[in-house]
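Peer 1: My questions will all concern the structure given below.
The values are calculated or read from the model by the stated rules, or taken from the named source; none is laboratory data. Worth saying up front: this structure is predicted, and the values here are computed from it rather than measured. Glycine gets a Cβ as well: all are built from the backbone with ideal geometry, and neighbour counts include every protein chain shown.
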Amino acid sequence: MTRKHSDATYVTAYAVKALIDRNPLGRKSLAALTRGIHIGRNQLQEAFKEITGRTFRRYRLEKRMEAAGELLISCNMRVYETAKKCGYKRTPNNFSRDFKLILGLTPEEWLQLHINQYNSNRQSTL
């Protein structure tokens, strides 16, 4: 990691990453997550990308879609319910688009794949 920014900038970037990791379904912006901290937005975004390899927006979207995949499987939620829980109340089609962009499958394909894997694992243990 090339150190271009102050220690405070990196500490803040790691704190933002931890907040996203703890609450991947959260919809707070970078400004909302760092309210009251006096670090330039561009510096913070650069430091965040340096430590994660992704922009803030992309990292947050990836974590949200990974959590959505888990919800579909573990909570037996319908796709539209999962979309709502992930903050796509008015735009469920955008949820499917983002899900496929990040995980490579539509939510329906993801669910079908994991149901098939679960059933084949279950049959092999019987």
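Peer 1: Of all residues in region 41-60, which are more than 17 Å from the chain's Cα centre (by Cα) and touching a residue at least 24 places away in the same chain (Cβ under 8 Å)?
Peer 2: Once the filter is applied, which keeps residues that are more than 17 Å from the chain's Cα centre (by Cα) and touching a residue at least 24 places away in the same chain (Cβ under 8 Å), region 41-60 yields 43, 44, 46, 47, 50.
Peer 1: Only one of 36, 26 is within 16 Å of the chain's Cα centre (by Cα) and small (Gly, Ala, Ser). Can you tell me which?
Peer 2: None of the other options fit; the residue is 26.
Peer 1: Name the single residue that is modelled with the highest pLDDT among those in region 28-60 being exposed (fewer than 15 other Cβ atoms within 10 Å of the Cβ) and hydroxyl-bearing (Ser, Thr, Tyr).
Peer 2: Looking at residues that are exposed (fewer than 15 other Cβ atoms within 10 Å of the Cβ) and hydroxyl-bearing (Ser, Thr, Tyr), I get 55.
Peer 1: Using the structure shown, decide if residue 9 is touching a helix residue (DSSP H, G or I) at 6+ places or on another chain (Cβ under 7 Å), at pLDDT below 90 and buried (at least 16 other Cβ atoms within 10 Å of the Cβ).
Peer 2: The answer is yes for residue 9.
Peer 1: Checking the structure you have, find out if any residue of region 88-96 is under 16 Å from residue 19 (Cα atoms) and part of a loop (DSSP other than H, G, I, E, B).
Peer 2: Checking region 88-96: not a single residue is under 16 Å from residue 19 (Cα atoms) and part of a loop (DSSP other than H, G, I, E, B).
Peer 1: Counting just the residues of region 12-27 that are in contact (Cβ under 8 Å) with a residue 40 or more places away in the chain and of a type in the set (D, E, K, R), which one comes out surrounded by the most Cβ atoms within 10 Å (Cβ to Cβ)?
Peer 2: 17
Peer 1: Additional query: Counting just the residues of region 61-77 that are more than 19 Å from residue 21 (Cα to Cα) and surrounded by fewer than 12 Cβ atoms within 10 Å (Cβ to Cβ), which one comes out nearest to the chain's Cα centre (by Cα)?
Peer 2: That would be 75.
Peer 1: So which residues in region 65-107 are modelled with pLDDT of 90 or more and charged (D, E, K, R), if there are any at all?
Peer 2: If the condition is that a residue be modelled with pLDDT of 90 or more and charged (D, E, K, R), then 66, 70, 81, 84, 85, 97, 98, 100 are the ones that fit.
Peer 1: Name the residue, out of 85, 4, that is under 30 Å from residue 107 (Cβ atoms) and not polar (S, T, N, Q).
Peer 2: 85
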